[in-house]
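Colleague: The structure follows.
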Amino acid sequence: MHITSTLVLANAARTIGIVLGVLLLLAFAIAILFNMRKGRAEVGSEVELAANRKPYLDDEELETKKLDRTLGAGLVLLAVIGIALPLYWLAEPSRQTNAVDAFKEEAIKRGENVYINGAQCASCHGPNGVGGVANYTITDPATGDYVAAVSWRAPALNTVMYRYTPEQVTLILNYGRGFSPMPAWGAPGGGPLTEQQISDVIEYLISIQIPAEESTAAVQAELDKTCAADASGNCTVPGGPYKTLGEAVFNLGYTDSFAGGAYSCGRCHTKGWSYGQAQVPGGGGFGPNMTNGSEIRQFPTAAQQVAFVSAYPKAQTSYGIQGLSSGRMGSFGVNPNAVDPKTAIMSPDQVMLTQDQIAAVVAYERSL
Ligand code: HEC
Ligand code: HEC
């Protein structure tokens, strides 16, 4: 009995399984049928055949007209490349220089903006760097007490590339001259301008340098006014401020602030010179004391001294008997930016003073 009932149960389960299987097959067949009916008519096929299912050109057409047209177009394009590419290549160098010029022009424009508005260099050094004056209060370095209110000459910058390299100017701008109205502008000296702005303002300064003839003529006119030296270098202006050409050169611009004193030696070598209260001539200031025959001791011959003043040595090079250049003075007879013709940014005739004027001022210094 036990066995029989198990068999009946097993049969029932099999029957259910078969019925279910048949039902599933039926459903599957119906689904396929439906799908086939749906799939027969493609969507949109009744409107137009897809491009890849259209009949293409016949061989006749494909191998004549179509082929010729394609080859012709290829030839035209090849010619375009063959002509345009060399033309493009030919124009490349000028395109590069134009790009460099455009960059430079942008820098000059930005520098001019710094010069006039940003840092107001113009308010002291004059428009276009012609030189000017700055109101300044001198205080006691020890106590900070008020000493005097003065007008301090700000040297012309339209010849600054006659005497300094861009590196030297960068140094001056970075740290300023703390004893004077000239503040520190660069970050290294705690100033407000960025490295980029300093380099831009220097590009601007380079762009405003005056031609050599203009500078030489202006210096000569000033010397004619204050000295009018005769053949032996003695001044002939009646009751004039100077005895010799050398003294007049040393003090160029002292009486009338010509070029903000840029061409003078006194502004650095005589205390009080820049604000019209010159003390001992050549007695020392920013530059060393030259009195009591110190220059004859430093430079055994005048020629050595002329060479030093003309082409001021690079910073940290020694000169004379016991001199060491600090890079602060600048060249007065050789333009340091015109020495190497390959990298020159100035012309060799753009110099502060002529060799005769330098010889005269050196003779004056050796007499102090
Ligand atoms: C407040 C006035 C003032 C301002 C502003 C000023 N300067 Fe000066 N600058 C001077 C004075 C004054 C001197 C001369 C200091 C001395 O007696 O050594 C000087 C010196 C210089 C020198 C050295 C020139 C030389 O031959 O010895 C340079 C370069 C210079 N300034 C550039 C600039 C530039 C660029 C700016 C603007 C970023 C500027 N200065 C802003 C007053 C000023
Ligand atoms: C911007 C300031 C400045 C101006 C302008 C200047 N000097 Fe000097 N000069 C110096 C400094 C600073 C030294 C010291 C050397 C150094 O620091 O490199 C010096 C040194 C000298 C020395 C050597 C002195 C020694 O005993 O070692 C002579 C000579 C000299 N200057 C002549 C001149 C003559 C000439 C002029 C004008 C044509 C002139 N200087 C204009 C700043 C100046």
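Colleague: Looking at the chain, I'd like the Rg to Rh ratio, where Rg is from alpha-carbon atoms and Rh is Kirkwood's inverse mean 1/r.
Modeller: Values: Rg = 44.3 Å, Rh = 27.6 Å.
Rounded to two decimals, Rg/Rh equals 1.60.
Colleague: Okay, moving on. For the stretch 146-244, which chymotrypsin sites (Phe, Trp or Tyr not before Pro) are in a loop by DSSP, counting at most 14 other Cβ atoms within 10 Å? If you can, show how the numbers build up before the last one.
Modeller: Numbers: sites: TYR146, TRP152, TYR162, TYR164, TYR175, PHE179, TRP185, TYR204, TYR242; in loops: TYR164, PHE179, TRP185, TYR242.
Sparse-neighbourhood loop chymotrypsin sites (Phe, Trp or Tyr not before Pro): PHE179.
Colleague: A further question follows. DSSP loop (so not H, G, I, E, B), at most 10 other Cβ within 10 Å: list which chymotrypsin sites (Phe, Trp or Tyr not before Pro) in the stretch 10-109 pass both filters. Kindly include the intermediate steps, with their values, before the conclusion.
Modeller: Values: sites: PHE28, PHE34, TYR56, TYR88, TRP89, PHE103; in loops: TYR56.
Filter output for the stretch 10-109: TYR56.
Colleague: Let me ask another. Could you work out what % of the accessible surface of the stretch 106-209 is carbon and sulfur, using a 1.4 angstrom probe and leaving DNA, RNA and ligands out of the count? All intermediate terms of the calculation are to be shown ahead of the outcome.
Modeller: On the way: 2800 of 5090 Å².
Result for the stretch 106-209: 55 percent of the exposed heavy-atom area is carbon or sulfur.
Colleague: What is the local net charge at GLN350, summed over the other residues whose Cβ is closer than 12 Å to its Cβ (Lys, Arg +1; Asp, Glu -1)? Show your work: numbers first, answer last.
Modeller: Numbers: positive: ARG163; negative: GLU213, GLU214, ASP349.
Spelling it out: positives minus negatives among the neighbours equals -2.
Colleague: Based on Cα positions only, what radius of gyration and what Dmax would you give for the stretch 229-308, in angstroms?
Modeller: 13.2, 35
Colleague: I'd like the FRET efficiency for ALA344 and ALA217, computed as 1/(1 + (r/R0)^6) with the beta carbon distance as r and R0 of 22 Å, rounded to 0.05.
Modeller: Numbers: r = 23 Å, r/R0 = 1.03.
E between ALA344 and ALA217, to the nearest 0.05, is 0.45.
Colleague: Tell me, which longest segment in the chain has none of the GluC sites (Glu not before Pro) that fall in DSSP loops with at most 16 further Cβ atoms within 10 Å? Before the final figure, lay out each step's value.
Modeller: Details: sites that count: GLU42, GLU46, GLU48.
Free of exposed loop sites, the longest segment is 49-368.
Colleague: Further question: Determine the sum of side-chain charges near ASN174: Lys and Arg each +1, Asp and Glu each -1, restricted to other residues whose C-beta is under 15 angstrom from that of ASN174.
Modeller: Local net charge: -1.
Colleague: Based on the inverse mean of 1/r over its pairs of different Cα atoms, what is the Kirkwood hydrodynamic radius of the stretch 211-368, in Å? Provide the component values of the computation, followed by the final result.
Modeller: Details: mean 1/r = 0.0623 Å⁻¹.
Mean inverse Cα-Cα distance, inverted, gives 16.1 Å.
Colleague: If you average the C-alpha positions of the stretch 61-84 and of the stretch 142-180 separately, how far apart do those two centres end up, in angstrom?
Modeller: Rounded to whole Å, the Cα centres lie 71 Å apart.
Colleague: Residues with beta-carbon under 12 Å from that of GLY72, excluding GLY72: net charge, scoring Lys, Arg +1 and Asp, Glu -1?
Modeller: Numbers: positive: LYS65, LYS66, ARG69; negative: ASP68.
Here the charged neighbours net out to +2.
Colleague: Also, I was wondering about something else. Output needed: Cys residues of the chain lacking any neighbouring Cys C-beta below 4.7 Å, sorted by number.
Modeller: CYS121, CYS124, CYS265, CYS268
Colleague: Say R0 is 25 Å: what FRET efficiency, to the nearest 0.05, do SER294 and THR255 get from their beta-carbon distance? It would help to have the intermediate numbers written out before the result.
Modeller: Working: r = 26 Å, r/R0 = 1.06.
Taking R0 as 25 Å, the efficiency between SER294 and THR255 is 0.40.
Colleague: When you have a sec, figure out the Kirkwood radius of the stretch 273-323 from all distinct Cα pair distances and drop it here in Å to one decimal?
Modeller: On the way: mean 1/r = 0.0815 Å⁻¹.
Evaluated over the stretch 273-323, this radius sits at 12.3 Å.
The values are calculated or read from the model by the stated rules, or taken from the named source; none is laboratory data. Here the structure is a predicted model, which means the values were calculated and not measured. Using ideal geometry, Cβ is built from the backbone for each residue, glycine included, and neighbour counts are taken over all protein chains shown. All accessible areas refer to the heavy atoms of the entire protein, side chains included, with ligands and DNA or RNA removed. Shrake-Rupley method; radii C 1.70, N 1.55, O 1.52, S 1.80 Å.
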